[in-house]
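Below is one structure, written out as structure tokens, with a few remarks after it.
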Amino acid sequence: MRNAVASTLALAIAAALSAPAKSVADTVPTQTLRNVAGIVSHGNGRVVQVGTAFFVAVPSEAFPGRSFVYLVTARHNLLDQQGNERSGLFLTLEDSKTAAMREEPLPPEAKWVLDPLNEKADVAAVPFTSEGAAIAPIPLSSLLGNDDPLTRPETGAQIYYLTAATVGASRPRFEALARFGHVSVPVPAETEVVGAGLQQLSLLDGGGTPGFSSGAPVFVSAGLRFALWGILEANSSLTSDPVFSGLAGVLPARYIVETVKAMAEVQDKALRGTKAPD
């Protein structure tokens, strides 16, 4: 894990602990539409959609019943076309009191944590405090976090992914947009992603995937529930190949699991022997 992790997590150790989730631990939250947020910038007097992010909750071992909440996205959303840190990014989410869309500034890319086992993986995470925000983080237990063929989605399995939007002209409000499709290629293969280099991606068939949907959470049917399959990669080298027309990439959830579990371990270690925050 790069050096930024220590300072990033130290600032959020107490604040990142959330109260016990109301949803059942081994299922996708019932408020599934509240685990997504948008990433935007401002230019020429208008809001520009950059990408999508989502929330994941990791149980604390130091304080059972509490969880650390992390904001997760595709790392390339935080970089410009030259691969440099993109400035002036904001997170758009729903205000818990007004139900309106609100914006919060995002930290620079250097403050985000990468996958400690593969820093080239297109994933980045940062602690998030949910005060005043209507969010429902995805429980860690709802992520498909390993490469076991028995847990791998089958070809043709139903999927959906979420992006965030503002709807309404006179009274704008937050809305999560759901798009549906199916698993096309479940076994990951090396694929070039614009702005992120070579990545191990599975493929979904979901029709058109707008560029700002990169970073969106992708859920797949897993028995009687939906589990987080991975992160949507809307812009890969395959999108320009007629053979793969209409397909989009999915970065497997195991990269998310590796990242957020490592962050939680650091925070738990710092919290041991302290009093749980109210």
Exercise for the section: Among what's in segment 127-156 and is of a type in the set (Gly, Ala, Ser) and open to solvent by 20 Å² or more (accessible area, probe 1.4 Å), pick the residue that is modelled with the highest pLDDT. Expected result: GLY156
Fill in the blank from the handout: Over segment 175-213, the set of residues of a type in the set (A, V, I, L, M), touching a Gly at 6+ places or on another chain (Cβ under 6 Å) and either closer than 27 Å to LEU89 by Cα or surrounded by fewer than 19 Cβ atoms within 10 Å (Cβ to Cβ) (or both) is LEU201
Problem - Looking only at segment 158-174, and only at residues there that are modelled with pLDDT of 90 or more and open to solvent by 20 Å² or more (accessible area, probe 1.4 Å), the one that is nearest to SER221 (Cα to Cα) - result: GLN158
Handout entry: Residues satisfying the stated conditions in segment 98-117, i.e. part of a loop (DSSP other than H, G, I, E, B) and farther than 19 Å from ASN35 by Cβ
Key = THR98, PRO107, PRO108, ASP115, PRO116, LEU117
Handout entry: Qualifying residues in segment 174-213 (those that are touching a helix residue (DSSP H, G or I) at 6+ places or on another chain (Cβ under 6 Å) and not in a strand (DSSP E or B)) - the one nearest to GLU119 (Cα to Cα)
Key = ALA196
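Have a look at ALA157, ALA100, ALA136, ALA164 and point out the one that is of a type in the set (A, V, I, L, M) and touching a His at 6+ places or on another chain (Cβ under 8 Å).
ALA157
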Practice task
Check LEU232 against each of (1) open to solvent by 60 Å² or more (accessible area, probe 1.4 Å); (2) in a strand (DSSP E or B) and name the one condition it does not meet.
Solution key: (1)
Problem - GLU61 being modelled with pLDDT of 85 or more and in a loop (DSSP other than H, G, I, E, B) - result: yes
Handout entry: Matching residues, segment 72-126, being open to solvent by 10 Å² or more (accessible area, probe 1.4 Å) and among the acidic types (Asp, Glu)
Key = ASP80, GLU85, GLU94, ASP95, GLU103, GLU104, GLU109, GLU119
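The values are calculated or read from the model by the stated rules, or taken from the named source; none is laboratory data. These numbers come from a predicted model, not from an experiment. Counting neighbours? That spans all protein chains shown, and the Cβs are built from the backbone with ideal geometry, glycine included. We work out accessible area using only protein heavy atoms, side chains counted, and drop any ligands, DNA or RNA first. Shrake-Rupley method; radii C 1.70, N 1.55, O 1.52, S 1.80 Å.
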